[in-house]
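Undergrad: Okay, here's the structure, questions in a sec.
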Amino acid sequence: MDPPASARVSARYRVVHETRYRYQSMVSLSQQYMHLTPRLLPYQKTESHLIWLDPAVSEGKDGIDYFGNHTRHVALTVPHDSLLVHAESTVALYARPGPVQIEGTLPWESVRDMMGKEKSPASLEACRYLYASPHVNSFPALEAYARLSYTPGRAQLDAALDLTYRIFEDFEFDGSATDISTPLEQVLVGRRGVCQDFAQLMIGCLRSVGLPARYVSGYILTHPPEGKPRLVGADASHAWVSVFCPPLGWVDFDPTNHCLVQDEHITLGWGRDFSDVTPIRGVVLGGGKQLLDVQVTVTPLPLATET
Amino acid sequence: MLDAARQPRAHWRAMLANLEHETHETVRQRSETVRRQVRENGVTYNVAADANGKERPWDLNVLPLILPHEEWSGIEAAVIQRANLLNKILADVYGKQEMLREGLLPSALIDGHPGFLRPCHDIRHHDDIALHFYAVDLARAPDGRWWVMADRTQTPSGAGYALENRAIIAPTFPNLLRELKVQPLAKFFRTMHESLVHWGRRCAAEGDVPAPLREGEMPLIVLLTAGQRSASYYEQAYLARYLGLPLVEGGDLTVRDGVVFLKTLAGLHRVHVIMRRVDDESCDPLELHGSMLGVTGLTQAARRGNVLIANSLGSSLLESGALLGYLPALSRRLLGEPLKMPSVATWWCGEPAALETVISGLDRLVIKPSFSQLPSFAVFGQDLAGAARANFIAGLRANPNNYIAQELVRLSQAPVWMTGPAPGLQARAIGVRVFACATPNGYMVMPGGLTRVATGPDARVLAMQMGGASKDTWVQARAKVEAHRLQKRVITSEDLVREDTSLSSRVAENLLWFGRHAERCDNIARLLRVTLHFLFNVRFDQRGAEWPTVKALCIWFQLIDADTESPAPGGAGALPPAVLTDAEIESALLRAVVSPDVSGLARQQQQLYRIAGQLHERFSVDNWRALNRMVQPVALAGEAPSQSEIMTILDDATASLMTLAGFALDGMTRDLGWRFMSIGRRLERLQFQCVVLQRALSMDENGNLEWLLELSDSIVTYRARYRAQPEWLPVLDLLLRDETNPRSILFQIDGIQGAMLKIARIHGACGEYLLAPAREALIALDPGTDLNHGNAVLGELLNRIQLASAALSEQISLQFFSYTDNGQQRSRTS
């Protein structure tokens, strides 16, 4: 998965992702399952990475999940009433296929018809992202919405780009309209939500017309208003969509920011939807009510440090 | 039952010959015996459809299904082959996925399967066995051919019911069983257990946290249940008891550093094998997204090889009827041989061609969901007409992947003894569930099964959920059968067990409460009996000073509503004014006997029964019979029982409780669990006697004391010793400090201290000292001066004893039951 030797570093970032839980009462046992380690990709290399917790844990187990993402299991057995998870990574990004190469891709129907018939490893792998998943289901209204972009004979990426723009135009970013359990039906009707909703809505659209689509979890560089300094902790986890487009492979679209993903997105991992790559999942014993505070800071680094 | 020439099949002739000599009356009696056995053993099946989670008595027909040796050999070979095949498919889907690559399994059936658990991919299994326990539903066509109707691969149920069926039916036909060379079932369970032991040892030695077991040391195998609400809870408890496994719930287990532990009184004990009866998704709230019931981190423990889960997580995948059509090709590919027994013709609508076939042939098909994760239903095409048919077809077309269609199979019939108004033999369609278990040397099939009987003459669905009946299944051996017994292993002196070290905190707590509630039942029954005796037999104007005291006790124990007759100001000891008429009191007390809606005997019995239900596997069958006998009369009592009926109910309740106490005394080993139960009993009795004696001491000095002796079950002793009217000094001596009287205060204190000292020897100090000062004060009493009615010291001492016993109870909870999650909430974050 290392980037090709000829590849050119197009951006470098330091990402600090801090999650703090405050509990109403003591937690006697806490077990956490994390997707906080960036994937190694042809266009992304991890220069450094570490995760630490407060209270500190002695036990931790790293693994790779079904989708190839890095995972870590930790458990805390000391009683505690707050938990801090600190994840810190330095990554270098390499150039991805740009918009120029998108012209002339296969009609979307060809990709659809290939699914389940073609037995190449890439196609078989794509089938993993073709069906309903815990947070993404298909329904007639969603298919109707998708069909406006997926018109007969349209090139796969052209249609995907159109859908990306339409979701951006039709939906309003609103952090209070939805939560992780809001169904797609409600998002489609309410026309409001956050990146996770828009990504899952777009995935649902693609699957409803028979196309595979992945949910990508990661971070995005944000731009402070003109003349203002970059604020620490002002960023957030981000999510976008990966579309299968043979023979190019997977191409990433960000419906929240109406763009093709280039060198401002840092990838943690992917799955069928949020539930496969939740950054931190945990089960705690005790604790009562809990308060959650997440702070993400993405800082651009100079390109030159590589030796 | 009949062959082509419409003559009885050979194996039925012996059975029929046997029945021929019997009158209808004898068969009816046999059938009645079976019904009584089922009721008394408390065999139940929870009907999931019932919102109240009602338990239904198990319906067992007296006539067995008999399978001759030759017919059985064919079934056996086919089931073994199928178990092997399904195991290989499971291993492939959760491993290399070659069948997907080769197109032998469609991606939609795996990637689109709601039961495909991605976190379970790449979990390794010893000897490549992922399917440890397998059940298959078979049906016989009228031509004698056997067909597979469905595979049960996740948490196959029914083997325990089959075992219980045999236990009930065997004594009904003792000679016939031998004559027909019917194979016993015990060896199957022994082999299954031995296999799990084998793999448990390997988990202990080969996981990533190895801790190999000594030669005679047994791995800890537990049976994981979803609890009393699961449909086959009775069976789970029965199996746990039969195999000698702790029956545990998710909360009893905890995962630490990839190792599963059972929370016991003595701390955490490593678990090596989990036989689970919990659905895939509900096993691990951390990775499997289901309910919060499971064991957090279980998937990781399995992944790291430190525990064997039988069946492996994710095995529900194979239960999909959509797979059936792919099995013949998979069998040729994976086993290199054709399937020995065909599956019922099944079309998965996810295949476009199949969908059209299904729609055009709807009338001869039954449509079901493709995946067990979808809501269950069975729609018969022939029942659909008009708009309903069009709607249904539209539904099929919209989500074809979710539907399968199966050909209607005409089922072979078997004779059934029908009870009811017109008893006699009738023919009913049957199906048989056959069971197999994995062993290190291949699969073994249980020589028997669970035969299910259709509910009506033309019922098309066989399902216990829908209220079907069952039959014992007799598989004939070629040669004479040897008797087998469960469990045989080499036990060295090092392995001798005296204390059940795997007693979970939850079970210990339940045992303590079982003891308390049993005693509480007894106390209430006695108090009701004493009070009703006054009402029924003593005229109002002839009741002495004791009557207000007895009434006050009834109020204290909430048998009479305190709101209608509130105690006069002046403290708890004051007597309430006699404002209630006899009729009002009588009606309140009658309700207290029979109605579970008010506090009283019926409600108390229900609570006792509920707790007993959580301890199912700890009690013997005899013990259960006594419990069931106790609960039934109250449940069967009418709205307005007569005076004599009420007294009979109370007498019976007291007698049943005596029987239970007898079992506890004579039939249970004095292990840790028994001690907790005994402490519960003694604590409850101690507190009851303290209240009763305090009340008695506040009574007028001239009141009759007979009721007090009656209530304390000490009247016989008193009469034998003193042969006179009760007087204060001897009564107080007998009830307070006679260490030989099992009802005395001193006897309770000594019993509690004795049990606690034994526990303290294993677990360290645990509050056994709390009652010591009270005991000293009790011993120090001078019978000559202290044991009289007017002595205020006595009341104060009783009060101190009560407080100390409450403190003791709290101490026990803190020290031993803190592992139980009561009051501890689990929550999930993301």
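Computed from the coordinates by the stated procedures, all read-outs in this text should not be read as laboratory data. These numbers come from a predicted model, not from an experiment. Cβ coordinates were reconstructed from backbone atoms using ideal geometry, including for glycine residues, and neighbour counts include every protein chain displayed.
Undergrad: Taking a 27 Å limit on the Cα-Cα distance, which of the listed pairs B:88/B:181; A:45/A:119; A:119/B:88; B:187/B:340 fall beyond it?
TA: With Cα atoms farther than 27 Å apart: B:88/B:181; A:45/A:119.
Undergrad: Okay, moving on. For region B:272-289, just list the computed ³J(HN,Hα) in residue order, Karplus coefficients 6.51, -1.76 and 1.60, θ = phi - 60°, integers in Hz, with x standing in for Gly and Pro.
TA: Result, ordered by residue: 9, 9, 10, 8, 10, 10, 10, 4, 2, 5, 8, 7, 8, x, 6, 10, 9, 6 Hz.
Undergrad: Tell me which residues come under 5 Å, amide H to amide H, from residue B:473 once H is placed; ignore anything under 5 positions away on its chain.
TA: B:65, B:449, B:451
Undergrad: Something else now. Among DSSP beta bridges whose residues both lie in chain B, state the antiparallel percentage, nearest 5.
TA: Taking every DSSP beta bridge within chain B, about 80 percent pair in antiparallel fashion.
Undergrad: Where in region A:59-88 does the amide nitrogen come within less than 16 Å of the point 7 Å from the Cα of residue B:122, taken along Cα to Cβ?
TA: A:61-73
Undergrad: Give, in nm to one decimal, the length gained when the segment between residue A:22 and residue A:154 is fully stretched (0.36 nm per residue of separation minus the Cα-Cα distance).
TA: The span from residue A:22 to residue A:154 would gain 42.5 nm if fully extended.
Undergrad: Given a cut-off of under 8 Å on Cα pairs at least six residues apart, what relative contact order in percent is computed for region B:699-782?
TA: Relative contact order, region B:699-782: 18 percent.
Undergrad: Sticking with this structure for a sec: Extension gain residue A:162-residue A:120, at 0.36 nm per residue separation less the Cα-Cα distance, in nm?
TA: 12.3 nm
Undergrad: Using the basic label-point model (7 angstrom from Cα toward the beta carbon), what is the residue A:303 to residue A:64 distance in nanometres?
TA: Each label point is offset 7 Å from its Cα along the Cβ direction, giving 3.1 nm.
Undergrad: Between residue A:80 and residues 5 or more places away or on another chain, which pairs have amide H atoms under 5 Å apart, with H built 1.01 Å from N, and which residues are they?
TA: For residue A:80, whose amide H was placed from the backbone, the distant partners under 5 Å are A:27.
Undergrad: Another one. Based on the mean of other beta carbon atoms within 10 Å per residue, what is the order of B:237-244, A:21-28, most packed first?
TA: B:237-244, A:21-28
Undergrad: I'd like the FRET efficiency for residue A:40 and residue B:363, computed as 1/(1 + (r/R0)^6) with the beta carbon distance as r and R0 of 35 Å, rounded to 0.05.
TA: Once the sixth-power term is evaluated, E becomes 0.05.
Undergrad: Counting only DSSP beta bridges with both residues in chain A, tell me the antiparallel percent, nearest 5.
TA: 95 percent
Undergrad: Another one. Can you say what percent of the DSSP beta bridges in the protein assembly as shown, counting only those with both residues inside, are antiparallel? Round to 5.
TA: Antiparallel bridges: around 90 percent, rounded to the nearest 5.
Undergrad: Also, quick follow-up: Output the relative contact order of chain B, whole-number percent, from Cα pairs under 8 angstrom with separation of 6+ residues.
TA: With pairs under 8 Å counted, the relative contact order is 14 percent.
Undergrad: If you don't mind, there's one more thing I want to ask. Quick one: if you stick a label point 7 Å off each Cα along the C-beta vector at residue B:291 and residue B:762, how many nm between them?
TA: Once both label points are built, they end up 3.1 nm from each other.
Undergrad: Separate question: How large is ³J(HN,Hα) for each residue in region B:791-799, as worked out from phi by the Karplus curve 6.51 cos²θ - 1.76 cosθ + 1.60 (θ = phi - 60°), to whole Hz, x for Gly and Pro?
TA: 6, 5, 4, 5, x, 5, 5, 4, 4
Undergrad: What length, rounded to one decimal in nm, is gained on full extension from residue B:399 through to residue B:477, with 0.36 nm per residue of separation minus their alpha-carbon distance?
TA: 23.2 nm
Undergrad: Along the Cα-to-C-beta direction of residue B:720, a point sits 7 Å from the Cα; which residues of region B:625-666 have their amide N less than 16 Å from that point?
TA: Answer for this model: none.
Undergrad: Pull up all non-local amide H partners of residue A:280: gap of 5 or more, or a different chain, and H-to-H distance under 5 Å with H placed in the peptide plane.
TA: Answer set, sorted by chain and number: A:35.
Undergrad: Let me ask you something else. Round to the nearest 0.05 the FRET efficiency obtained for residue B:810 and residue A:289 when R0 = 25 Å and r is the Cβ-Cβ distance.
TA: 0.40
Undergrad: How much net charge surrounds residue A:182 when only other residues with a Cβ under 10 Å from its Cβ are counted (Lys, Arg +1; Asp, Glu -1)?
TA: -2
Undergrad: What percent of all Cα-Cα pairs in chain B falls into each 10 Å bin, going from 0 up to the bin containing the maximum distance?
TA: The calculated distribution, bin by bin, is 2, 11, 19, 21, 18, 13, 9, 5, 2, 0, 0.
Undergrad: At a threshold of 8 angstrom on Cα-Cα distance, excluding pairs fewer than six apart, so keeping six or more, what relative contact order does region A:184-307 reach in percent?
TA: Computed over region A:184-307, the figure is 28 percent.
Undergrad: Further question: Across peptide A:114-124, how many C-beta atoms of other chains are within 10 Å of each residue C-beta, on average?
TA: 2
Undergrad: Are there GluC sites (Glu not before Pro) in region B:210-254 that DSSP marks as loop and that have at most 10 other Cβ atoms within 10 Å, and which are they?
TA: Loop-located and lightly packed - B:215.
Undergrad: Next question. So which chymotrypsin sites (Phe, Trp or Tyr not before Pro) in region B:376-419 end up in coil per DSSP with only 15 or fewer other C-beta atoms within 10 Å?
TA: When the chymotrypsin sites (Phe, Trp or Tyr not before Pro) of region B:376-419 are filtered for loop state and at most 15 Cβ neighbours within 10 Å, B:377 remain.
Undergrad: Quick check on the protein assembly as shown: helices-only [θ] at 222 nm, where DSSP H runs of length 4 and up contribute -39,500 (n - 2.57) each and the sum goes over total residues. Nearest 500, please.
TA: -11500 deg cm²/dmol
Undergrad: What list of ³J(HN,Hα) values in whole Hz, one per residue of region A:249-265 in order, does the Karplus curve 6.51 cos²θ - 1.76 cosθ + 1.60 (θ = phi - 60°) give from phi, with Gly and Pro shown as x?
TA: x, 9, 10, 9, 10, 10, x, 6, 10, 5, 8, 7, 6, 10, 10, 10, 10
Undergrad: Sorted from largest down, give the three principal axis spans of the alpha carbons of the protein assembly as shown, whole angstrom values.
TA: Rounded to whole Å, the extents work out to 113, 92, 65 Å.
Undergrad: Could you tell me the distance between the Cα centroids of region B:542-560 and region B:306-338, to the nearest Å?
TA: 69 Å
Undergrad: Still on this structure, please answer the following. So if R0 is 60 Å, what FRET efficiency would residue B:540 and residue B:337 give, r being the distance between their Cβ atoms, rounded to the nearest 0.05?
TA: 0.10
Undergrad: Using label points projected 7 Å from each Cα along Cα→Cβ, tell me how many nm separate residue B:143 and residue B:101, to one decimal.
TA: Going by the 7 Å Cα→Cβ label model, 4.1 nm.
Undergrad: Using the 10 angstrom Cβ neighbour count as an exposure proxy, how do B:275, B:218 rank, fewest first?
TA: B:218, B:275
Undergrad: I'd like the trypsin sites (Lys or Arg not before Pro) in region B:407-438 restricted to DSSP loop residues with at most 13 other Cβ atoms within 10 Å, sorted by number.
TA: B:410
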